[in-house]
Amino acid sequence: MSVFDELAGQSRVVSQLQNAVAGAMTHAWLFTGPPGSGRSVAARAFAAALLCPFGGCGECRSCVQVRAGTHADLLLVRPEGLSYGVRQTRDLVLRAAGAPSGGRWLVVLFEDADRCTEQAANALLKAIEEPTPRTVWLLCAPSAEDLVTTIRSRCRVVTLRVPPSSDVAAVLTSRDGVDPARALDAARAAQGHIGRARRLATDPAAAARRLAVLQVPVQATSLGPALAAAAALVKTAEDEAKSVTEQLDEPERGALRQAFGEGSTGKGVAKAMRGMAGAMKDLEDRQKSRATRVKRDSLDGALLELAAFYRDVLMLQFGAAVELANADRLDDLRRLAASATPEATLRRIQAIMRCRERLTFNVAPLLAVEELTISLTQG
Ligand SMILES: [Zn+2]
């Protein structure tokens, strides 16, 4: 077993990283690849390999702690709001300047580094320009172009590709014990995104939400049903976001209460409890802003799923011999393919992309999605 087992279909990257663990180190790395290619999975595996006394065995205490996100020498950073602020980044840079507590390295894993504000990027650049000898920065972004040149020129770039569905399915079967046929359906539906594929294969609620999204093209036939479909789509995305946020929020609040010694007695406890109220308020503000981001990401994910559905329709209309993402919905795909022209399907895909763009400009979600589902009814 190795921490790199999780990286489906990335053998080139795995050998690049394994060589780095064994050989000379670089202090800043940039993991790039399209959504779903497993940037953060790869960065985390690399972090585990750097911190593990056996080069990434996947089984020792250190490897287990990295997986759980509790390793003392791994700083995990995700944007809590829509982007990183400068204060957040300065805090991080300060912590990263410390020495590792146990092993050789202190690893900072910075997911979605492309969401840095400009000032935050400057703070980050300073840290990377003048590296602390034992600190390794692992940045993740969709592409190298998403970061300012000054940062990316100081990083060694690791480029991931979207893994083939068969490789993702193989990981689901061997690691999670998912039945092979189901694993392949999930891998195809997730279009290579291993985390999403795992959720679809193992979480019935996630699978049900996907089916609800894929009902939209079937339902949106006239105005009334189109509006209902829009409301359902927004609601589905909100449910998904809620389930993601809930899993994160409560443990964070629990950890904070524990850090302030809730439940203990003795001198100073009352004072500590007063301090906790302020810290709890800060945490809840950050959680709120994260919830907004997760909601936006969920809706965008649903729209991409919808686009993939119409792409499948288009492929059937063209008679192209390609792997369909939604092969498990073949009857619906065929019906839609027979009832429209390829031009109409293309227009629908464009309408979805336009809706995604409008959402980035903060148009009210229901409004933007209603406009979309209405345009889906037009032939
Ligand atoms: Zn290990």
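Project the alpha carbons of region 94-160 onto their principal axes and report the range along each, largest first, in whole Å.
Its Cα atoms span 34, 28, 18 Å along the three principal axes.
Calculate the FRET efficiency for GLN258 and VAL21 from the Cβ-Cβ distance with a Förster distance of 22 Å, rounded to the nearest 0.05. Intermediate values should be presented prior to the final figure.
Details: r = 34 Å, r/R0 = 1.54.
Plugging the Cβ-Cβ distance into 1/(1 + (r/R0)^6) gives 0.05.
With unit charges on the beta carbons (Lys and Arg positive, Asp and Glu negative) and the dipole taken about the Cα centre of region 207-347, which residue among ALA337, ALA279, LEU211 sits farthest to the positive side?
ALA279
Long-range amide H contacts for ASP112: which residues qualify at under 5 Å (H placed 1.01 Å from N, peptide plane, sequence gap of 5 or more or a different chain)?
Close amide H contacts, sequence-distant or interchain: CYS140.
Applying the Karplus parametrisation 6.51 cos²θ - 1.76 cosθ + 1.60 with θ = phi - 60° to the phi angles of region 59-74, what ³J(HN,Hα) value in whole Hz is obtained for each residue in order, glycine and proline being reported as x?
10, 6, 4, 4, 4, 5, 5, 4, 4, 7, x, 10, 5, 5, 9, 10
Keeping every protein chain present and rolling a 1.4 Å probe, give me the accessible area per residue for the chain in Å².
On a per-residue basis, the chain sits at 49 Å².
Taking the Kirkwood radius as the inverse of the mean 1/r across Cα pairs, report the Rg/Rh of the chain.
On the way: Rg = 22.8 Å, Rh = 22.8 Å.
My calculation of the ratio gives 1.00.
For THR159 and GLU118, what is the calculated FRET efficiency with R₀ set at 25 Å and r taken between the beta-carbons, to the nearest 0.05?
It comes out at approximately 0.50.
For region 1-147, calculate the relative contact order in percent as a whole number, restricting contacts to Cα pairs under 8 Å that are 6 or more residues apart. Intermediate values should be presented prior to the final figure.
Numbers: 237 pairs, mean separation 43.0, N = 147.
Worked out over region 1-147, it gives 29 percent.
Give me the net charge of PHE361's neighbourhood, meaning all other residues with Cβ under 14 Å from the Cβ of PHE361; Lys, Arg count +1, Asp, Glu -1. Could the numbers behind the result be given before it?
On the way: positive: ARG296, ARG354, ARG356, ARG358; negative: ASP300, GLU357, GLU371.
Net charge around PHE361: +1.
Hey, what do the phi angles of region 332-345 turn into as Karplus ³J(HN,Hα) couplings, whole Hz, using 6.51/-1.76/1.60 and θ = phi - 60°, x for Gly and Pro?
4, 4, 5, 4, 5, 5, 6, 9, 9, 8, x, 4, 5, 4
Tell me, what is the Rg over Rh of region 158-217, with Rh the Kirkwood radius over Cα pairs? Walk me through the intermediate numbers first.
Numbers: Rg = 11.6 Å, Rh = 11.6 Å.
Reported Rg/Rh, Kirkwood definition of Rh: 1.01.
Give me the net charge of LEU160's neighbourhood, meaning all other residues with Cβ under 13 Å from the Cβ of LEU160; Lys, Arg count +1, Asp, Glu -1.
On the way: positive: ARG12, ARG39, ARG44, ARG161; negative: GLU6, ASP167.
Net charge in that neighbourhood comes out at +2.
So for the chain, if I pair up every lysine 8 or more residues apart or on another chain, how many of those pairs have alpha-carbons under 28 Å apart?
Going through the chain pair by pair, I get 10.
Output needed for region 1-152: three equivalent-ellipsoid semi-axes, defined as square roots of 5 times the C-alpha gyration tensor eigenvalues, in descending order, whole Å.
On the way: eigenvalues 110, 63, 38 Å².
So the three semi-axes of region 1-152 are 23, 18, 14 Å.
Pop out the carbon and sulfur fraction of the accessible area of the chain as a percent, whole number, probe 1.4 Å.
Values: 10130 of 18690 Å².
Carbon and sulfur atoms account for 54 percent of the accessible area of the chain.
Find the percent of Cα-Cα distances in region 211-369 that exceed 21 Å, and round it to a whole number. Please list the in-between numbers first.
Values: 7248 of 12561 pairs.
For region 211-369, the share of Cα pairs beyond 21 Å comes to 58 percent.
Taking amide H atoms as placed 1.01 Å from N in the peptide plane, list the residues 5 or more away in sequence, or in a different chain, whose amide H sits under 5 Å from that of VAL136.
LEU106, VAL107, VAL108
Students often check this: by mean Cβ neighbours within 10 Å, which of 153-165, 297-309 ranks highest, and how do the rest follow?
Top of the packing list down: 297-309, 153-165.
The values are calculated or read from the model by the stated rules, or taken from the named source; none is laboratory data. Computed from a predicted model, the values in this text were never measured in an experiment. Neighbour counts are summed over all protein chains in view; Cβ atoms, including those assigned to glycine, are modelled from backbone coordinates with ideal geometry. The protein model used for the area step is the full one, side chains on, heavy atoms only, and it has no ligands, DNA or RNA in it. Shrake-Rupley method; radii C 1.70, N 1.55, O 1.52, S 1.80 Å.
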